[in-house]
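Student: Take this structure, written in structure tokens, and hold onto it; I'll ask about it next.
The values are calculated or read from the model by the stated rules, or taken from the named source; none is laboratory data. Since the model is a prediction, treat every value here as computed from it, not as a measurement. In this analysis, Cβ positions are derived from the backbone assuming ideal geometry, glycine residues included, and neighbour counts consider all displayed protein chains.
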Amino acid sequence: MESVRFWVKPIINRCYDAVISAQGNGELAQEKFRAILLCIQGKHRFDQDPSFKLINECGHTSSYNPEYYIKTKRIIDRLEEQIFTSKNIEDIASVSWILQTSPCESINALAWRYAPKDYFYVRYLVF
Ligand SMILES: [Zn+2]
């Protein structure tokens with residue numbers, strides 16, 4: 001029995017890895033993202049696929065248990081429809097590789113950019 005559940009965490013981790021390890025190289029992030037779908041099917045080398053120009057294999061060190069690989073086309077098609085969409089592939093190229101770890105940090109990052117402390121204290125706290 002094929003389990004997509006097994007792949008949920010690896011897919012999420014590999015998405016983060018695709019963005020972070022690409023370090024701003026959008027095309028590399030896209031290829032790493034697309035590689036996830038092949039990897040879960042047990043295809044770890046892409047040197048025969050001309051659409052991969054920057055990587056030719058998965059690059060992960062540990063191997064997955066072969067019984068977890070997804071062979072059912074219906075499941076792969078569904079993953080393509082829901083996760084590995086052309087829109088997501090396009091978007092992952094522009095995700096910042098300096099990921100914020102929480103909404104709080106995102107708010108702080110905005111505050112630092114648009115409302116720095118010196119501006120706030122000078123403008124609102126008049127002594
Ligand atoms: Zn792989």
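Student: Across the range 42-91, which residue is nearest to the chain's Cα centre (by Cα) among those that are modelled with pLDDT of 95 or more and among the aromatic types (Phe, Trp, Tyr)?
Tutor: So the residue we want is PHE84.
Student: Against the condition free of Cβ contacts under 8 Å to residues at least 24 places away in the same chain, more than 12 Å from the ligand (Cβ to nearest atom), acidic (Asp, Glu) and over 19 Å from GLU81 (Cα atoms), how does ASP49 come out, does it pass?
Tutor: Criteria met by ASP49.
Student: Is it the case that the range 59-71 has a residue that's more than 15 Å from TRP97 (Cβ to Cβ), crowded, with 18+ Cβ neighbours inside 10 Å and more than 12 Å from the ligand (Cβ to nearest atom)?
Tutor: Within the range 59-71, one or more residues are more than 15 Å from TRP97 (Cβ to Cβ), crowded, with 18+ Cβ neighbours inside 10 Å and more than 12 Å from the ligand (Cβ to nearest atom).
Student: In the range 3-46, what residues are within 14 Å of the ligand (Cβ to nearest atom), surrounded by 16 or more Cβ atoms within 10 Å (Cβ to Cβ) and among the small types (Gly, Ala, Ser)?
Tutor: Hits for the range 3-46 are ALA18, ALA35.
Student: Scan the range 89-107 residue by residue and report those that are within 16 Å of ASN13 (Cβ to Cβ) and surrounded by 12 or more Cβ atoms within 10 Å (Cβ to Cβ).
Tutor: ILE92, VAL95, TRP97 - these are the residues of the range 89-107 that are within 16 Å of ASN13 (Cβ to Cβ) and surrounded by 12 or more Cβ atoms within 10 Å (Cβ to Cβ).
Student: Looking at (1) over 19 Å from THR85 (Cα atoms); (2) in contact with a helix residue (DSSP H, G or I) (Cβ under 9 Å, 6 or more places away or on another chain), which one does GLN30 not meet, given that it meets all the others?
Tutor: Tallying (1) over 19 Å from THR85 (Cα atoms); (2) in contact with a helix residue (DSSP H, G or I) (Cβ under 9 Å, 6 or more places away or on another chain), GLN30 fails exactly one: (1).
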